[in-house]
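Asks: Below you'll find the structure I mean.
The values are calculated or read from the model by the stated rules, or taken from the named source; none is laboratory data. Remember, predicted model here, so these are calculated numbers, not experimental data. Note: ideal-geometry Cβ built from the backbone for every residue, glycine included; neighbour counts use all protein chains shown. The area values use the complete protein model at the heavy-atom level, side chains included, leaving out ligands, DNA and RNA. Shrake-Rupley method; radii C 1.70, N 1.55, O 1.52, S 1.80 Å.
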Amino acid sequence: MGQKKQKQPVLPEKQPLWPPSKGRIAGLIVGLCLLLILVVGGVLLQPENGELTAAQKRNFASARVTDILADDAQPDDWTEGLRVGSQYLELEILSGPYKGAVLEAINYLTAYANVDCSLGTRVIVRLDVDDNGDPYVVSIPNYDRGIVLVGMLVVFALLLIFIGGKKGVMALLGLAYTLAGIWFLLIPMVLKGAPSIPSAIFIAALTAAASLLMLTGFSRKTLCAGLGCVCGVAAAGLFAWIVGIITPIGGFNMSEAEELVLRAYDSPLEIRGLLVSGILIAALGAVMDVAMSISSACHELRVVDPEITSGRLFRSGMNIGRDAMGTMANTLILAFAGASFNMLLLFQVYHYPLIQIINSDTMAIELIQSVAGSVGIILTVPLVSLFASLLLGKKKKRAG
């Protein structure tokens, strides 16, 4: 007897952009609703016009060095070749109300503030006016890096679009929505006294939904990834919150807490939940990556084998997630380690005993951030696999 020929799965044809499918229309409607939430929330949460802060009263402008009138700076061995001393410069103001003015200024070069200028160097200057209303340069705090940074972002965007195509464009839009959600919604909400942890979870859900919808449209695959992403981020925050209570450690242990207390004393800002909120935002990207990878893979398995059962789909999702889990958790821990690399160097330089290093506030915060984010990634794997099995898998028919 001849062997029975296996029936090859028929893959669905790629849908044309027009006319749009019901899923695309639903995704567009939901995306517009999310955009409306961002715009309305951003408008309502704008700070009220009040007395200007000290930072707002300062006048900064871009300038270019047109002449070096004097320069006594010399290389310093202790600063590994940085020049230390002073420069007497002539500067042309390039922006702001005093654009076109040519001013002279003294530029002090130290180990901690070193803006070493040459002819044509673009810098940021802080300006003030004298009794006669004429501007003068108070200090030169930074190089003018705006053009270089904008160029870097343009290169990043072009690479993403060139390699990713339409998906790259959608990824850019999702990234823009995420940054806008943090800047225009989350931060103003926290400054107005909203609980920081629920606010961070809300923004994480909002930005995850927007990013995933822009990437894949409205579908069960997107729903699985979105639910898994929100649950994974919430799990990371819950883990950090529990550890913070047991340790105990919280927002007041952060290095910026004292400055926030001093500068935001007249606002209803809650410091205590800021540590967990930061962990939620930091873990969002990695958790979203794992969630989308598993959901997309399970969806492809469902397309190739429409008869795949929920149990098989769950096991496949777990196997796929285990491969991604280790690398993504490692990536997150290394990211936090890289951000605190200088602190680790200082611990070695001063030969702190290990017991002090581990129990210090700074190291404890870094460890909690790293491990909590990794816990969120680990728990995302079974959560997305479960959602995918329930929403994408075919349930077994009961006999009888």
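Asks: Please determine whether any residue of the stretch 338-350 is at pLDDT below 85, touching a helix residue (DSSP H, G or I) at 6+ places or on another chain (Cβ under 9 Å) and open to solvent by 50 Å² or more (accessible area, probe 1.4 Å). Walk me through it before giving the result.
Replies: Within the stretch 338-350, the first condition is being at pLDDT below 85, and the residues that meet it are 338-350.
Next cut, touching a helix residue (DSSP H, G or I) at 6+ places or on another chain (Cβ under 9 Å) only: 339-340, 343-344, 347.
Add one more test, that the residue is open to solvent by 50 Å² or more (accessible area, probe 1.4 Å), and what stays is 339, 344.
Yes, because at least one residue in the stretch 338-350 is at pLDDT below 85, touching a helix residue (DSSP H, G or I) at 6+ places or on another chain (Cβ under 9 Å) and open to solvent by 50 Å² or more (accessible area, probe 1.4 Å).
Asks: State all residues of the stretch 361-383 that are more than 18 Å from Leu280 (Cα to Cα) and either in contact with a Phe, Trp or Tyr (Cβ under 7 Å, 6 or more places away or on another chain) or open to solvent by less than 20 Å² (accessible area, probe 1.4 Å) (or both); if no residue qualifies, say none.
Replies: Hits for the stretch 361-383: nothing passes.
Asks: Now for a separate question. So how many residues does the stretch 67-86 have that are surrounded by 14 or more Cβ atoms within 10 Å (Cβ to Cβ) and in a strand (DSSP E or B)?
Replies: Total satisfying the criteria: 6.
Asks: If you don't mind, there's one more thing I want to ask. Is at least one residue of the stretch 266-274 surrounded by 13 or more Cβ atoms within 10 Å (Cβ to Cβ), of a type in the set (D, E, K, R), under 26 Å from Ala234 (Cα atoms) and at pLDDT below 85?
Replies: Yes: the stretch 266-274 contains one or more residues that are surrounded by 13 or more Cβ atoms within 10 Å (Cβ to Cβ), of a type in the set (D, E, K, R), under 26 Å from Ala234 (Cα atoms) and at pLDDT below 85.
Asks: Of everything in the stretch 116-134, what is modelled with pLDDT of 90 or more and in a strand (DSSP E or B)? Give them in sequence order.
Replies: Within the stretch 116-134, Arg122, Val123, Ile124, Val125, Arg126, Leu127 qualify.
Asks: Let me ask another. Is it the case that some residue within the stretch 142-160 is open to solvent by less than 70 Å² (accessible area, probe 1.4 Å), in contact with a helix residue (DSSP H, G or I) (Cβ under 8 Å, 6 or more places away or on another chain) and farther than 19 Å from Leu109 by Cα?
Replies: Yes, the stretch 142-160 contains at least one residue that is open to solvent by less than 70 Å² (accessible area, probe 1.4 Å), in contact with a helix residue (DSSP H, G or I) (Cβ under 8 Å, 6 or more places away or on another chain) and farther than 19 Å from Leu109 by Cα.
Asks: Hey, can you tell me all the residues within the stretch 351-377 that are under 20 Å from Met288 (Cβ atoms), of a type outside the set (S, T, N, Q) and in contact with a helix residue (DSSP H, G or I) (Cβ under 6 Å, 6 or more places away or on another chain)?
Replies: Ala372, Gly373, Val375, Gly376, Ile377
Asks: Given the conditions (1) buried (at least 24 other Cβ atoms within 10 Å of the Cβ); (2) modelled with pLDDT under 85, which single one is not true for Lys192?
Replies: (1)
Asks: Looking only at residues in the stretch 317-334 that are free of Cβ contacts under 8 Å to residues at least 12 places away in the same chain and closer than 18 Å to Val371 by Cβ, which one is least open to solvent (accessible area, probe 1.4 Å)?
Replies: Applying the filter and picking the extreme gives Gly326.
Asks: Val169: open to solvent by 60 Å² or more (accessible area, probe 1.4 Å), free of Cβ contacts under 8 Å to residues at least 12 places away in the same chain, in a helix (DSSP H, G or I) and of a type in the set (Val, Ile, Thr), yes or no?
Replies: no
Asks: Considering only the stretch 87-115, state which residues are over 11 Å from Ile140 (Cβ atoms), assigned to a strand (DSSP E or B) and of a type outside the set (A, V, I, L, M, F, W, C).
Replies: Scanning the stretch 87-115 gives Tyr88, Glu90, Glu92, Glu104.
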